[in-house]
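Notes for the one structure printed next.
The values are calculated or read from the model by the stated rules, or taken from the named source; none is laboratory data. Everything numeric in this text was worked out from a predicted model, so none of it was measured. Cβ: placed from backbone, ideal geometry, glycine included. Neighbour counts: every protein chain shown.
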Amino acid sequence: MKTLKAISLLIFASLALSVTTRAQSTTLAATPPMGWNSWNHFAEKVDDAGVRAAADAMVSSGMRDAGYVYINIDDTWEAGRDDKGIIQTNKKFPDMKALADYVHSKGLKLGIYSGPGPKTCAGFEGSYQHEVQDAQTYAAWGIDYLKYDLCSFTRFMDREHSADHGHQMMLDAYEKMHNALVATGRPIVFSLCQYGWQDVWKWGPSVGGNLWRTTGDIEDKYESMARIGFGQLSLAKYAGPGHWNDPDMLEVGNGGMTGDEYRTHMSLWAILAAPLLAGNDLSKMTPETVAILTNRDVIAIDQDIAGHQGDRISALGLTEDWGRKLADGSIAVGIFNRNDAPAEGVLRFEDLGLKGRVHVRDVWAGKDLGELEREYRVQIPAHGVVLLRVSK
């Protein structure tokens, strides 16, 4: 009887884990994650006080109420391990559990960073051969999001004579941590960071990824943002609820671009159904930065429940139309001017499959343009955008 009871318990545990895995895969990151990440602005200077300040500012600025949830600590929080192999925080983070409790008290969630290699990108302690242990530690702290950066693991891949085997090693490494996270029973969003290598969008879901970086690191420059954002062409079919293409964090508010360029940044990421992870100092935002980051109509496009990533509709020189079908049947369209001078943009409604009169709303202006026929022409500033919502 004891043997039968033990077998029954094992079967029940196995079924429970299977159900948990399926449930998490369908509910975690049902829309692209929204929040903040420390790296773009603070890099190695991130600390406990700065993270608390970010949480406070996310609430006071209205970002939380606009949908931003995650407060994500990037690299450089790690110390070594104790004699039992448990990962330790360094002096910048004296009590990670207390920090998580503080972030949670604000109605927010806390994210953390590691990687499958022995060291992180900044040379701190990685999760190599401690994946299960680290996942359990994160869960005990109350972590809700893990960014997992390939970095030093590539040296194991490079040692292999077969490129196929190196590729499989990478998949196995990510899946190992995914399984460890699921086994904790705590819902933890799993963000793959390996720079788009080997077409990650084709295999990211198979290793449990909720989102995956499609490119190298973004910089607070128009050229970098445009190269990355417009470079997402033809990746739309690989994204959807629970698994998203990630063209990297937002640079809005860091000072390297104009307001028009930041609105282009935000508009393009929304059409791409990209994660919206602010990368600025939330405690020192101008009203314009707050307005860009918290525009409800733009966020509604990004967070549209249908989960269809947008793609390019047409291009004429350096003016491009990108569109995304939304759950209510309307279409979000960005008319982008990639020229260094003002230019006219045009949207032909037949390119959207629409005939007759259509209703058009200018999203950033917050006004209806009425019912139009055939096309819409508009002057757009250099590196600017007109973001529309078009419906029958």
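Out of all the residues in region 162-169, is one or more in contact (Cβ under 8 Å) with a residue 12 or more places away in the chain, in the same structural domain as residue 43 (by TED's automatic domain parsing) and not acidic (Asp, Glu)? Checked region 162-169: at least one residue is in contact (Cβ under 8 Å) with a residue 12 or more places away in the chain, in the same structural domain as residue 43 (by TED's automatic domain parsing) and not acidic (Asp, Glu).
Could you list, in sequence order, the residues of region 136-185 that are part of a loop (DSSP other than H, G, I, E, B) and at positive phi?
Going residue by residue through region 136-185, those that are part of a loop (DSSP other than H, G, I, E, B) are 142-144, 150, 160-162, 184-185.
Of everything in region 136-185, those that are part of a loop (DSSP other than H, G, I, E, B) and at positive phi turn out to be 142, 185.
Which count do you get for residues in region 222-236 that are part of a loop (DSSP other than H, G, I, E, B) and surrounded by 14 or more Cβ atoms within 10 Å (Cβ to Cβ)?
2
A residue that is among the charged types (D, E, K, R), in the same structural domain as residue 211 (by TED's automatic domain parsing) and crowded, with 17+ Cβ neighbours inside 10 Å cannot be found anywhere in region 294-301.
In region 330-355, the residues that are polar (S, T, N, Q) form Cβ pairs under 9 Å with partners that are surrounded by 18 or more Cβ atoms within 10 Å (Cβ to Cβ) and assigned to a loop (DSSP other than H, G, I, E, B), at six or more places apart or across chains, as follows: 337/381; 337/383; 337/384; 339/383. Counting only strands (runs of 3 or more DSSP E) that sit wholly inside region 1-81, those with at least 1 residues that are touching a strand residue (DSSP E or B) at 6+ places or on another chain (Cβ under 8 Å), farther than 28 Å from residue 307 by Cβ and at pLDDT 95 or above are 78-81. Selection of strands (runs of 3 or more DSSP E) fully inside region 257-353 by the criterion of at least 3 residues being small (Gly, Ala, Ser) and under 17 Å from residue 222 (Cα atoms) returns nothing.
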